Amino acid sequence: MTELHPEDRLWDLMRGVLGARALAIVADLGVADALADGPRRVEDLAPELDADPETLRRLLRALASEGVFAEEERGVFRNTEASELLQSGWGAFAHLFGGVWFRAAGALDPSGAPAFPGEYGTDFWSWLAENADERAMFDRAMEQGNDRRVDRLADLDWQGDETVVDVGGGNGSLLAGLLDRHRGLRGIIFDLPETTRDEEGPGDRCTFVAGNFFERVPKGDVYVLSTILHDWDDESAARILRTIRAGAPSAARVYVIDAVVPDGNDEHGAKWLDLLMLALFGGREREEDEWRALLAAGGLEPVQIVDGLIEARCP
């Protein structure tokens, strides 16, 4: 753990809400895109983005102090490697963290109940289904880290002619990447009908199937759940695994891409993501013993449990 003065440690935590909101504002304004060609003065930038010049300067000044944008001289800002990420799906993440998730996190309490329904009058997934723009933003954000996830999946032992079912596969980008690396595989992207889809990306070896993973899943040889189970409490997550077990042939493999929270006081992003899962859905990040219990409740046998990849099989 990085050594900080105790007061600095508390200050960094308390001001986190301001950082999330500031990032959301500049992401929604498109500041990183507007600075793509080089440094610009806030006085020129603000009217183009329909922002108050002084407020925009103050937002960018604060973010620049953390390496997101850089102020070359008073009121003149440029992109940095960090701010350039806002031109990708990280901008969608910033929008969510500083928007709908910001409000839910602000209502987090010690009851153990998700805060989102009390703030929005419905659960997160129903709210997404009713807000197409936010659904598209969510699907875009979920693409972040796909390259690393594809690399991890691609390095596993594949037989070459298997059908892979991406359960809750979103727009299909993860499975498309895997199929591109293993040309003999076929794929099924299984998700709710309102999911934003990239019909061209997956290619002719992959199909979209609409459905609810609490009710059924298509038959396949391998099932992938990429950052799905942490959205759900243990009872619901076990139901998803039992649905897979019921629809899968014996010896089918299941790969869960999720964190394994370490013991002790070491820094780990999943320890904070766990609180977001609680606020949004009543979901959770899990430690190794919790993963083993969940797999058993779902009727699966663990093969290996390491941070970022839980492998199991259907007995």
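Suppose we filter R78, R74 for residues that are assigned by TED's automatic domain parsing to the domain that holds D28, under 15 Å from G30 (Cα atoms) and among the charged types (D, E, K, R); which single one remains?
Details: R74 fails: under 15 Å from G30 (Cα atoms).
Sole residue among the options that is assigned by TED's automatic domain parsing to the domain that holds D28, under 15 Å from G30 (Cα atoms) and among the charged types (D, E, K, R): R78.
Count of region 30-60 residues, restricted to those that are under 17 Å from A20 (Cβ atoms) and either of a type in the set (D, E, K, R) or touching a Cys at 6+ places or on another chain (Cβ under 6 Å) (or both), is 1.
Filtering region 300-315 to residues that are touching a helix residue (DSSP H, G or I) at 6+ places or on another chain (Cβ under 7 Å), crowded, with 16+ Cβ neighbours inside 10 Å and touching a residue at least 40 places away in the same chain (Cβ under 8 Å) leaves L300, I305, L309, I310, A312, C314. Residues that are of a type outside the set (G, A, S) and in contact (Cβ under 8 Å) with a residue 60 or more places away in the chain within region 97-124 comprise F97, W101, F102, L108, P114, F116, D123, F124, listed in sequence order.
Beta carbons closer than 8 Å, at least 6 apart along the sequence or on distinct chains, never pair a first residue in region 81-94 that is on the phi > 0 side of the Ramachandran plot with a second that is at pLDDT below 95 and among the polar types (S, T, N, Q).
Identify, please: which residue in region 160-180 is part of a loop (DSSP other than H, G, I, E, B) and crowded, with 24+ Cβ neighbours inside 10 Å and is, among those, modelled with the highest pLDDT? Outline the logic, then answer.
Here is the first cut: in region 160-180, the ones part of a loop (DSSP other than H, G, I, E, B) are 160-162, 168-172.
In the following step, the residues that additionally are crowded, with 24+ Cβ neighbours inside 10 Å were identified as 169-170, 172.
On the way: G169: 91, G170: 85, G172: 88.
This residue is G169.
Among the residues making up region 272-315, those that are under 19 Å from V224 (Cβ atoms) and either acidic (D, E) or in contact with a Gly (Cβ under 7 Å, 6 or more places away or on another chain) (or both) are E285, E301, D307, E311. Taking the criterion of being surrounded by fewer than 17 Cβ atoms within 10 Å (Cβ to Cβ) and aliphatic (A, V, I, L, M), the residues of region 122-137 that qualify are A129, A132, A136. Scanning region 277-289 for residues being assigned to a helix (DSSP H, G or I) and either at positive phi or surrounded by fewer than 18 Cβ atoms within 10 Å (Cβ to Cβ) (or both) gives a total of 2.
One residue is enough: does region 137-149 have a residue meeting the conditions touching a helix residue (DSSP H, G or I) at 6+ places or on another chain (Cβ under 7 Å), assigned to a loop (DSSP other than H, G, I, E, B) and among the charged types (D, E, K, R)? Looking for residues that are touching a helix residue (DSSP H, G or I) at 6+ places or on another chain (Cβ under 7 Å), assigned to a loop (DSSP other than H, G, I, E, B) and among the charged types (D, E, K, R), one finds at least one in region 137-149, hence yes. If you check D123 against the conditions, is it modelled with pLDDT of 95 or more and closer than 24 Å to L192 by Cβ? Yes, satisfied.
Which count do you get for residues in region 244-254 that are surrounded by fewer than 19 Cβ atoms within 10 Å (Cβ to Cβ) and either outside the structural domain of F281 (by TED's automatic domain parsing) or under 16 Å from A296 (Cα atoms) (or both)? Number satisfying all stated conditions: 3.
Go over the candidates R183, R216 one by one and state the one that is part of a loop (DSSP other than H, G, I, E, B), in the same structural domain as Y255 (by TED's automatic domain parsing) and loosely packed, with under 14 Cβ neighbours inside 10 Å. Spell out how you get there, then give the answer.
Details: R216 fails: loosely packed, with under 14 Cβ neighbours inside 10 Å.
None of the other options fit; the residue is R183.
The values are calculated or read from the model by the stated rules, or taken from the named source; none is laboratory data. Not measured: the values here are computed from a predicted model. Cβ sites come from the backbone with ideal geometry, for glycine too, and all protein chains shown count toward neighbours.
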